[in-house]
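Only one structure is covered here, and it is reproduced in the block below.
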Amino acid sequence: MFEIKDLHVNISEVEKKIISGINLKINPGEVHAIMGPNGSGKSTLSYTLSGKEGYEIEKGDIELDGESILDDEPDERAAKGIFLAFQYPIEIPGVGNLSFIRTALNSQRKFNGKDELNPAEFLKILREKADFLNVDMEMLKRPLNVGFSGGEKKRNEILQMALLEPRFCILDETDSGLDVDAMKQVSKGVNFLRSENRSFLIITHYQRLLNYIKPDFVHIMAKGKIIKTGGPELALEVENQGYTHLLN
């Protein structure tokens, strides 16, 4: 179980409070979606959960299986099964995509007391996942995200998620910049990974992604707080009426 308790977060560089008391409990197997207008704190929440530097927790806690992860570095959180898919995956020239993914997977396995995969074992698993997700193996031979289209970057992240098999997946506006076909492919990968032992937090501006990834709960976030929670119908309400009526 993943739980956020009365979380208050400042951005250190500007000394500005962005999150003002969020409480959220996500049980194994659940898919939660967070929607909200620009500046509501959605991406700040995702970065804070993953342990990104520059986000100062003023108050509250983040727990995985009842244990606080506040003191864990980002790589420790990742090894424990927390995965963040970025809104804008960065390009890293000189770092091979295959090498990056294999290193990440073996680091996770080592942290959890498992044997590292040799190149042959890794490639076998990789090909199986890549074929299912329609990821071209030639793309994987290129430097990480360099020259990738928006859809390729997002599919590459979903492939990483499929290989790492995290317990808690955070998707920060994964639909940003995707056309309908790319969004369907990304959604296919997410739905493939849904299981009773894996939870998702999907952050999005638009209801359209939730046509393909059906959430159990939808939360509306504004001014650093969750102001309303409901089922999938809440996303449709926002699509039809916008956020204004919820903010008043």
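Among the residues of the range 9-37, those identified as assigned to a loop (DSSP other than H, G, I, E, B) and either touching a residue at least 12 places away in the same chain (Cβ under 8 Å) or within 16 Å of Cys169 (Cβ to Cβ) (or both) are Ser12, Glu13, Asn27, Pro28, Gly29, Glu30, Gly36, Pro37.
Kindly provide the set of residues from the range 193-248 that are in a loop (DSSP other than H, G, I, E, B) and among the basic types (Lys, Arg), ordered by number. Within the range 193-248, Arg194, Lys214, Lys223 qualify.
In the set Leu209, Leu201, Leu236, only one residue is of a type in the set (A, V, I, L, M) and more than 21 Å from the chain's Cα centre (by Cα); that residue is Leu236. Residues in the range 76-92 that are more than 8 Å from the chain's Cα centre (by Cα) and farther than 15 Å from Leu64 by Cα: Gln87, Tyr88, Pro89, Ile90, Glu91, Ile92.
Confirm whether Ile101 is assigned to a helix (DSSP H, G or I) and either at pLDDT 90 or above or aliphatic (A, V, I, L, M) (or both). Yes; evaluated as a whole, the condition is true for this residue. The residue of the range 208-233 that is surrounded by the fewest Cβ atoms within 10 Å (Cβ to Cβ), among those that are touching a residue at least 60 places away in the same chain (Cβ under 8 Å) and touching a Phe, Trp or Tyr at 6+ places or on another chain (Cβ under 9 Å), is Ala222. Candidates Lys114, Lys129, Lys153: the one that is among the charged types (D, E, K, R) and out of contact with any helix residue (DSSP H, G or I) (no Cβ under 9 Å at 6 or more places or on another chain) is Lys153.
The values are calculated or read from the model by the stated rules, or taken from the named source; none is laboratory data. Just so we're clear, the structure is a prediction, and the values are computed from it rather than from any experiment. Please note: Cβ atoms are built from the backbone with ideal geometry, for glycine as well, and neighbour counts cover all protein chains shown.
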